[in-house]
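Novice: Please find one structure pasted underneath; my questions will follow.
Values in this text are rule-based calculations from the coordinates and carry no lab data. As the structure is a prediction and not an experimental result, all values here were calculated from the model. Here the Cβ positions follow ideal geometry from the backbone for every residue, glycine too, while neighbour counts run over all protein chains shown.
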Amino acid sequence: MRTPIADFVSAYAERSPVRAHMPGHKGNGALERLDITEVDGAGVLYTESSAACHSEPQGEESMNREGKGILRCAQNDMTDIIMESERNAAALFGAAKTLYSAEGSSLCIRAMLYLARLHAVQQGRRPVILAGRNAHAAFLSGAALLDLPVEWLLPEGGSVLSCEIESQALDACIRALPEPPAAVYITSPDYLGNTADLPALARVCHAHGCLLLVDNAHGAYLRFLPQSRHPMDLGADLCCDSAHKTLPVLTGGAYLHFGRCCPVGLLDAGESAMRLFASTSPSYLILQSLDRANAVLAKDYPQRLEDFCKKMGALMDRLSRLGYSLSGDEPLKLTIDAKAYGYLGTALAACLLQRGISCEFADPDFLVLMLSPENRDEDLKRIEAALCSIPKRRPIEGRPPVLSAPQTVISPRQALLSPSVRLPAAECEGRILAQPSVSCPPAVPIAVCGERLNQTHLSLFAYYGIGQLRVVRPEFDPQLNKRR
């Protein structure tokens, strides 16, 4: 398979032109020589011309992982190299259309919300989004910027990082609303490696005329399992993949995928949606990385992934026999219920770090290790040896407080744009949260901006070690003003 972006940049660097253009490093350096801007022939990300070419496939084929053929543009001087590469990616992922992001899935999430709003307006409906409560902070900022009303699907208990949603419960929630939402937004896989029953959720959504949007940031590789578990094959209309999280791609590389049954109007508006939130200076290093990944995925990656998943499965079996309690059903994520083994997740992470193993995430309850076929067999052996060296202790009791039904006072947009003050979390009961307070990882807010904070919120903030909050100033609190 051709890698048009990477090939163009390599050829450009080999010519050693006088770089009378951005960036300022002028190609001096090992990485810098391959870092360019939109010079002649390099294409432009999110242009109307590329949108038109996306919607009218033409040209020769190259082979995908199943030998079925990947459509790409005819090779001529007018070929848009970015668009050609994106179309190769779309064929690999089984999407009607794929757009690149050099700004991670955060950009794609905001674009999905814009498209959902656009679709609702075209249908004469309120642009309400029904979302799982474990949505990433980028979802909140996107909803705030677009002034989208959000209804929440709440978890029944356990970590705020998970929000199991059954199809029957989703159907009941939709029926309880005055009218069906414009879209349902699901995070799958979640940070702990739990995946949703997307086919069942998709059937409910489509029966009610709703779009299904999926944050698949942690699951780009799911398409390349022996039996695909990717949202594009399970009924999603739109989904984002953070390629850099699980595929051999530089940090920031991501995809926005459009399902084969996605409304045509959204396909046509994809570039506009991305352009609304994206930088006008995308990283060509990241674009080359996404481009090169196509060639990797089209070759032996599926077999390497299958082989590695078997090794991961065997490791998980051995750890389970040792006494570790594992969570989630995602094959590349090792999630340990640390308290069941007698430790806090943060303590287990510290033990592993002393042994030269740096984990993805830890909180009081869980330890998360994210692996991929790029990890060596030696890496798995070191992880197993380190975990086996930690003695099992009496389980630690106690789980996080269960989130109660939130009280939304003002919209996320109003809250984010209101003057605010930073206070100790313990002093914020009854105040309106102004900004999300959880860093990345995991970037899943405990409370949502615009909600009035109650004692359960404060208990959760204390549980997760969050000591400071930014809340709306009292003079902009409508309830307090009403009392005056």
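Novice: Can you tell me how much longer the chain between Ala462 and Ser389 gets when fully stretched, taken as 0.36 nm per residue apart minus their C-alpha distance, in nm with one decimal?
Specialist: Length gained, Ala462 through Ser389: 23.2 nm.
Novice: Still on this structure: On full extension of the chain, what length is gained from Glu156 through His21, given 0.36 nm per residue of separation minus the C-alpha to C-alpha distance?
Specialist: So the extension gain works out to 43.1 nm.
Novice: State, as an integer percentage, the relative contact order of the range 407-483 based on alpha-carbon contacts under 8 Å between residues 6 or more apart.
Specialist: 41 percent
Novice: Say the dipole of the chain comes from +1 at the beta carbon of Lys and Arg and -1 at that of Asp and Glu; which of Gln122, Val150, Leu453 then lies farthest toward its positive end?
Specialist: Working it through, the farthest residue towards the positive pole turns out to be Leu453.
Novice: Shifting gears a bit: If you take the square roots of the eigenvalues of the alpha-carbon gyration tensor of the range 302-388 and sort them as a ≥ b ≥ c, do you get rounded (a/c under 1.5), prolate (a/b over b/c) or oblate? List each step's numbers first, then the result.
Specialist: Numbers: a/c = 1.78, a/b = 1.52, b/c = 1.17.
It is prolate, given that a/c is not under 1.5 and a/b is the larger ratio.
Novice: Please list 90-96, 244-250 highest first by mean number of surrounding beta-carbon atoms within 10 Å per residue.
Specialist: Those peptides, ordered most packed to least, come out 90-96, 244-250.
Novice: How are the C-alpha pair distances of the chain spread across 10 Å bins, as whole percents from the shortest bin up?
Specialist: 4, 19, 27, 26, 18, 6, 1, 0
Novice: While we're here: When ranked by the protection proxy of mean other Cβ atoms within 10 Å per residue, highest first, what sequence do the peptides 193-199, 121-127 form?
Specialist: Averaged packing, sorted descending, gives the order 193-199, 121-127.
Novice: Continuing with this model, one more query. Going by average Cβ density within 10 Å per residue, which order do the peptides 332-345, 308-321 take, highest to lowest?
Specialist: Numbers: 332-345: 21.5, 308-321: 14.3.
In descending order of packing, they fall as 332-345, 308-321.
Novice: Another question about this same structure. Could you calculate the contour length gain from Val39 to Glu397, that is, 0.36 nm times the residue separation minus the distance between their Cα atoms, to one decimal place in nm?
Specialist: 122.9 nm
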